[in-house]
Amino acid sequence: MKVLLLEDDVALSDLLNEHLVDKGFEVTLCTNGQVALESLIEQKFDIALLDINTPQISGIDVLKTIRKEYKNNTPTIILTAYQDTKHLKESFENGVDDYIKKPFDLEELDQRILKLCRQFLINQDNKIEIDKNLFFEPESCQIFKDDVTINLALKERDILKIYNNYCIIGMSPDPEKYSYQIYQCLKNAGKHVYGISPKYDTIDNDKMYTSLMDIEYPVDVVVFVVNKTIGMTYIREMRELGIKYAWMQPGTYDEDLLHAFHDQGIETIENCVLQVMNG
């Protein structure tokens with residue numbers, strides 16, 4: 001599999017290049033944006049890894065050019081040391097598929113690349129390990145548990161296969177609570193997951209938010225683990241943010257709440273995430 005790596009930091013580029021080659025990738029290493037842009041125009045790559053702050057042309061401008069001028073849809077991950085949301089927002093507006101914030105572990109990079117491989121059907125030979133003896137295969141949208149294969153329903157298949165950004169409303173730090181288990185299960189499946197909790201600033205060192213509006217990143221699916229009265233209060237935010245999917249856990253909804261979502265053009269999934277993922 002061919003990977004283009006744009007990174008001007010010598011030590012980091014050497015480290016990433018060596019790691020990717022050890023993983024079996026054919027790597028084209030670029031240390032400035034102009035060379036990366038020319039390479040992406042002239043050659044076909046399976047995945048591009050673009051640092052934002054690079055000489056001559058920034059990684060974002062490389063992304064913008066290949067997307068808008070050359071209609072190049074190479075799956076792309078942005079590497080960024082910026083902590084603000086301005087650059088990430090600009091990256092998503094120009095068609096980035098994923099991002100990693102520096103500093104990062106090589107294992108996280110491996111997981112992000114694997115996620116894109118599955119999303120874009122590149123080298124679909126592996127399954128994502130969610131838990132011991134439990135695997136999720138995005139290409140077929142099947143759950144494998146021990147010797148049992150579970151086929152997901154169409155809507156659940158589409159959600160898990162296509163969307164990568166999830167928010168859990170009603171987060172708890174208690175490992176026995178469904179919200180915590182769902183959060184970890186989705187993270188283990190390679191998803192970006194954000195938590196909303198009015199009580200906690202962080203859970204397991206992950207930042208918690210007080211509302212959907214506070215989240216700096218895109219959200220595709222909101223998972224509700226709160227009572228229906230609280231659930232009703234998030235409809236306006238979802239509508240304003242353009243979030244189209246509400247995944248309702250058992251006991252969190254009634255017909256009035258479902259109708260309220262549907263009236264605002266928000267689709268609902270009424271099934272337990274853990275049951276879907278764990279079979």
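A few points about this structure:
- Verdict on ILE113 being at negative phi, surrounded by 12 or more Cβ atoms within 10 Å (Cβ to Cβ), in contact (Cβ under 8 Å) with a residue 24 or more places away in the chain and over 18 Å from the mean Cα position of the chain (by Cα): no
Matching residues to (1) within 26 Å of ASP98 (Cβ to Cβ); (2) exposed (fewer than 15 other Cβ atoms within 10 Å of the Cβ); (3) more than 14 Å from the chain's Cα centre (by Cα):
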{"position": "ASN165", "(1), (2), (3)": "yes, no, no"}
{"position": "PRO173", "(1), (2), (3)": "no, no, yes"}
{"position": "CYS185", "(1), (2), (3)": "yes, no, no"}
{"position": "ASP204", "(1), (2), (3)": "yes, yes, yes"}
{"position": "LYS207", "(1), (2), (3)": "yes, yes, yes"}
{"position": "VAL221", "(1), (2), (3)": "yes, no, no"}
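- Filter result for VAL221 (under 30 Å from ASP110 (Cβ atoms) and among the hydrophobic types (A, V, I, L, M, F, W, C)): yes
- Considered as a group, the residues in segment 28-57 that are out of contact with any Asp or Glu (no Cβ under 7 Å at 6 or more places or on another chain) and of a type in the set (Val, Ile, Thr) include one that is surrounded by the fewest Cβ atoms within 10 Å (Cβ to Cβ), and that residue is ILE41.
- Residues being over 24 Å from the mean Cα position of the chain (by Cα) and either more than 20 Å from LYS101 (Cβ to Cβ) or loosely packed, with under 13 Cβ neighbours inside 10 Å (or both) - total across segment 1-17: 3
- A count restricted to segment 187-196 and to residues that are over 10 Å from the mean Cα position of the chain (by Cα) and either under 16 Å from GLY231 (Cβ atoms) or crowded, with 21+ Cβ neighbours inside 10 Å (or both) stands at 3.
- ASP9 meets each of the listed conditions (1) without any contact (Cβ under 8 Å) to a residue 24 or more places away in the chain; (2) farther than 20 Å from GLN111 by Cβ apart from (1).
- Here LEU79 fulfils each of the conditions (1) within 23 Å of ASP8 (Cα to Cα); (2) of a type outside the set (Lys, Arg); (3) buried (at least 18 other Cβ atoms within 10 Å of the Cβ); (4) at pLDDT below 90 apart from (4).
- Residue check for LEU20: crowded, with 16+ Cβ neighbours inside 10 Å, at pLDDT below 95, among the hydrophobic types (A, V, I, L, M, F, W, C) and within 27 Å of LYS191 (Cα to Cα): yes
The values are calculated or read from the model by the stated rules, or taken from the named source; none is laboratory data. What you are looking at is a predicted structure, and each value in this text was computed from that prediction instead of being measured. Heads up, the Cβs are rebuilt from the backbone with ideal geometry, glycines too, and the neighbour counts pull from every protein chain shown.
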